[in-house]
Each structure stands twice: as structure tokens, then as C-alpha cells.
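Notes to accompany the following structure.
Read-outs: derived from the displayed coordinates by stated rules, not from any lab. Being a predicted model, the structure only gives us computed values, none of them experimental. Because the Cβ atoms are built from the backbone with ideal geometry, glycine has one as well, and the counts that use them run over all protein chains shown.
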Amino acid sequence: MMTPSYEPGRIGLLLIDTVNEVFSEGGKLYSSFKDEFDRIGTFENLKRLLAGARQLGMPIFFAPMSYTEHDYTTWKHVSGIHRAMFDNREFAAGSWNADFHPELTPIEGEVVIAPHKNIDVLANTDLEVQLRQHNVEYISIAGMIGTHCVESTSRSCMEHGFHVTTFTDATAALGGRPAYDAMVLRYPTISHATLTVDEFLAAAGAAKK
């Protein structure tokens, strides 16, 4: 896939579930992804991506996940991924686990999307309204989980007419290396560019000049 030419002033960054549950050692999901984070360099790449996007002045959107006790106990139809999260009380609303990781947290002027409870952030929150209001047409999507929220949201954004960039090194898959390899083969079919963090920042920087 060729590196895209982005339109100046129309590029945004979406970071999904950059929370303690996933990225801090005390998080319930951290151990499930630690080996892949270390192999890919996910955490350091996300920090570099966030810093680069801020330096370029692009709008940044954070999409957290959280569930209440009411959610855990009253959903009638519970999917497999939700069953795992609900049984383990993951992403509990108001808890440290659902808070943003201190190195991947929004600062003043950045947008926090309403917490999502399903896998597709675009379909279930104010994300599309926020993207439209910030004049974003080219949305780059990183964070977790690469095979679930990132993939579903990328697919949905593509179908809603946004130009979508996915990343090979700013996410990780549920299922380890085999799932990651399959994921990065799918990404180019549901997005318009699949890049490394460095490739994206270089292309976004070139668009600003």
C-alpha cells in the first residue's frame, strides 16, 4: 500500500482504550498483551505517535471503554468478548482500571469520546459528530484491541466515508503473533493506508508543509 497524501488541516488521531486496564502492570488485561507489546514496541510507539500528533497540531480523540455493575448484570445478549470482560469485571466505570494511562492521557483541548461499551466506537458514541465538527476527514486509528475495537472502528469509519489509516506497530492482537499476522493482512482491506508510526508522522508532516 502506498503512503497516502493527506490534506492539510484534515488529519486526526483516534486512540482507543489507552487505559490502565490494558497498559499498566496492575491492569487485568496487561499480562495478556505484555509479550506482544514488548515484541511490537506498542507502548513506546503509541507515546511517540501521540507526541508527534501533538507537535503537528492535529486534533486528537480518546475513546475509553467502561462498564457499570448494571451493565455487567443486565445485558440480555452477551457476546463472547463481553462475557470475558463481564465475568472478570474489566473496565469498571469509576475505577483506576478504566482511567487513562498517565502517559497516554488527554491534555486540555483534546477530545474524550463518550465511553464505548460495544466494539465499534463509531457506531456507539459521539465519535462521528466529533470528527465532523473538527473537520477531520483523514482519521488514523491506534490503540487496543487491534483485532476488535480498532478493526471494527476502522471498518465503520471507512464505510462512513472517512479516509482511514491503521497501524502495524501501535496496537496488538488478541491471540498473539498468529492473530497479529492475520490482522495486519486484513487492515489494508478495510483502510486506505496501513503504516508504521514513523511512516504516518512523516506523511502527516509533509502534508503540513
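Highest GNM mean-square fluctuation among SER32, SER154, SER191, for the chain modelled with Cα contacts below 10 Å: SER32.
Under 17 Å of direct C-alpha separation, and excluding same-chain neighbours fewer than eight residues apart, LYS117 reaches these aspartates and glutamates: ASP17, GLU21, GLU69, ASP71, ASP87, GLU90, ASP99, ASP126, GLU128, GLU151.
Can you compute the FRET efficiency between LYS76 and ALA114 using 1/(1 + (r/R0)^6), with r the Cβ-Cβ distance and R0 = 22 Å? Round to the nearest 0.05.
0.50
Taking segment 46-96, which trypsin sites (Lys or Arg not before Pro) meet the DSSP loop condition and have no more than 13 other C-beta atoms within 10 Å? Let's see the in-between values first.
Working: sites: LYS47, ARG48, ARG54, LYS76, ARG83, ARG89; in loops: LYS76, ARG89.
Listed in order of number, the matching sites are LYS76, ARG89.
Where in segment 106-175 are there GluC sites (Glu not before Pro) that are in a DSSP coil and have at most 10 other Cβ atoms within 10 angstrom of their Cβ? Write out the running numbers ahead of the final one.
Details: sites: GLU108, GLU110, GLU128, GLU137, GLU151, GLU159; in loops: GLU108, GLU110, GLU137.
Loop-located and lightly packed - GLU108.
Under the criterion of Cα pairs below 8 Å and six or more residues apart, the relative contact order for segment 12-208 equals 27 percent. Stretched out straight at 0.36 nm per residue, the stretch from GLU69 to ARG177 would grow longer than its current Cα-Cα span by 35.5 nm. For the chain, the longest principal axis of the C-alpha atoms and the axis of helix 197-208 are separated by about 50°.
Among beta bridges from DSSP that stay inside segment 12-208, the antiparallel ones total about 5%. Each residue of segment 64-79 is assigned a 3J(HN,Hα), and the resulting list reads x, 10, 7, 9, 8, 4, 4, 4, 4, 10, 10, 5, 7, 10, 10, 6 Hz, derived from the Karplus form 6.51 cos²θ - 1.76 cosθ + 1.60 (θ = phi - 60°), x at Gly and Pro. Within segment 1-86, the chymotrypsin sites (Phe, Trp or Tyr not before Pro) that combine a DSSP coil assignment with at most 14 other C-beta atoms in a 10 angstrom radius are TRP75.
Where the only charges are on Cβ atoms (+1 Lys, Arg; -1 Asp, Glu), what is the dipole of segment 20-147 about its Cα centre, to the nearest 20 debye?
Result for segment 20-147 is approximately 140 debye, rounded to the nearest 20.
Calculated mean residue ellipticity, 222 nm, the chain: -12500 deg cm²/dmol, from DSSP H runs (n ≥ 4) at -39500 (n - 2.57) each, averaged per residue and rounded to 500.
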